[in-house]
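The values are calculated or read from the model by the stated rules, or taken from the named source; none is laboratory data. Keep in mind it's a predicted model, so treat the numbers as computed, not measured. When we count neighbours, we look across all protein chains shown, and the Cβ atoms used for this are built from the backbone with ideal geometry, even at glycine.
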Amino acid sequence: MDIFKLEIFCQPNQKEQVLNTLHQHGVDRVGNYDHCWAISMVEGSHRALDDAKPVFGASGLVESYPLVKVEITINQPLIPP
């Protein structure tokens, strides 16, 4: 059986919604266990280029912000062809 790793980045205030959604769809299950994930705080960044319309920050400036990284493993049968 093939196993795949899924990484999801979200804002800290979205963490519970992401985890609940993964659990509701059974994506967090490994064998006889559920809620199987690793969570870490990371720093994200981006720079909006000239044609961008940034939601926050300004074009041309590098913006940094906190993110939550959720890592889980997925069995191949959960991935559609």
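A quick yes/no check of all residues on (1) within 17 Å of Glu7 (Cα to Cα); (2) in a strand (DSSP E or B); (3) of a type outside the set (Ser, Thr, Tyr):
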site	(1), (2), (3)
Cys36	yes, no, yes
Ser40	yes, yes, no
Glu43	yes, yes, yes
Pro54	no, no, yes
Ser59	no, no, no
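Of the residues making up region 1-48, just one is among the basic types (Lys, Arg), within 12 Å of Thr73 (Cα to Cα) and surrounded by 10 or more Cβ atoms within 10 Å (Cβ to Cβ), namely Arg29.
Residue-by-condition table, conditions (1) in contact with a strand residue (DSSP E or B) (Cβ under 8 Å, 6 or more places away or on another chain); (2) modelled with pLDDT under 95:
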site: Ile3; (1), (2): yes, yes
site: Pro12; (1), (2): yes, no
site: Val27; (1), (2): yes, yes
site: Ser40; (1), (2): yes, no
site: His46; (1), (2): yes, yes
site: Lys53; (1), (2): no, yes
site: Glu63; (1), (2): yes, yes
site: Pro66; (1), (2): yes, no
site: Thr73; (1), (2): yes, yes
